[in-house]
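The values are calculated or read from the model by the stated rules, or taken from the named source; none is laboratory data. Worth saying up front: this structure is predicted, and the values here are computed from it rather than measured. Positions of Cβ are backbone-derived with ideal geometry, glycine not excepted, and every protein chain shown enters the neighbour counts. We work out accessible area using only protein heavy atoms, side chains counted, and drop any ligands, DNA or RNA first. Shrake-Rupley method; radii C 1.70, N 1.55, O 1.52, S 1.80 Å.
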Amino acid sequence: AFKVAVEAAVQNNLTYISLPSGVFLTNELLIPSGFTLRGNGKNTVIKTQYFANDETDGDGNSLSFDGNVVGLGTTSGRDITVYDLTIDGNSENNILFSDELDNYIMYFPETSSSLFRGIEIRNTPGSGFYVQNSSRVSIENSTFVDGGLTDRYTFTPLNAQESTTLRINDCLFENFSGPVDVSVTSVVST
């Protein structure tokens, strides 16, 4: 349903989707460049489908077999805004994947000129938010809590390595086995 809604918005020259209050179960939500996804604060919850390991969506579209739920619809994104919503990894009903990059609930590598504000990332089976190798990205007023099914592995709430012009304001990071990773970055404000 998310895929259909995003495609319909793009075809109608709209650059956003505004989600009402409620819980939305999904395997994958891909956001194209130049697009805004807006919720209704903590009342809008995007929750990972229970044991989300489907190979197709039932309409002939192959799904990737990973734990990346909200991410880019292209190889590198630009002018993306995501704000005022909760992303729940539903960790007690999901699994870890063998590749580290498959365990980020939000996956936005090589993103530029983008804003992520008022997001709560919680209950992730693995890590939280991946924005490695990005530029001019702002993460504001967000919460990253209760990540990782086990302390056996290192799960980071935020991985922004190798980024330039990165701003992290008023964020809470709690209950992940690893640290926020902003190593090898330049022009960073936290």
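If you run the Gaussian network model on the chain, springs between alpha carbon atoms under 10 Å, then out of Asn13, Asn133, Asn93 the most flexible one is Asn13.
Close amide H pairs (under 5 Å, H built 1.01 Å from N) link Leu19 with Arg38, Gly39, residues at least 5 positions away or on another chain.
Among the protein heavy atoms, those of Lys3 account for about 100 Å² of accessible surface (1.4 Å probe, every chain in place). Computed over protein heavy atoms with a 1.4 Å probe, the accessible surface of the chain works out to 48 Å² per residue. Each residue, Glu174 and Val187, gets one label point 7 Å from its Cα in the Cβ direction; the gap between the two is 3.4 nm. Between Asn94 and residues 5 or more places away or on another chain, which pairs have amide H atoms under 5 Å apart, with H built 1.01 Å from N, and which residues are they? When sequence neighbours closer than 5 places are left aside, the close amide H contacts are Phe51.
Computed across region 108-177, the Kirkwood hydrodynamic radius from all distinct Cα-Cα pairs reaches 12.2 Å. Please report the spacing between the Cα centers of region 7-50 and region 81-124 in Å, no decimals. With region 7-50 and region 81-124 each reduced to a Cα centre, they are spaced 13 Å.
Close amide H pairs (under 5 Å, H built 1.01 Å from N) link Thr81 with Phe35, Thr36, Leu37, Leu115, residues at least 5 positions away or on another chain.
Between Thr36, Thr26, Thr150, the Gaussian network model of the chain with springs among Cα atoms under 10 angstrom shows the greatest mean-square fluctuation at Thr150. The chymotrypsin sites (Phe, Trp or Tyr not before Pro) of region 129-190 that meet both conditions, a loop assignment by DSSP and at most 16 other Cβ atoms within 10 Å of the site Cβ, are Tyr153.
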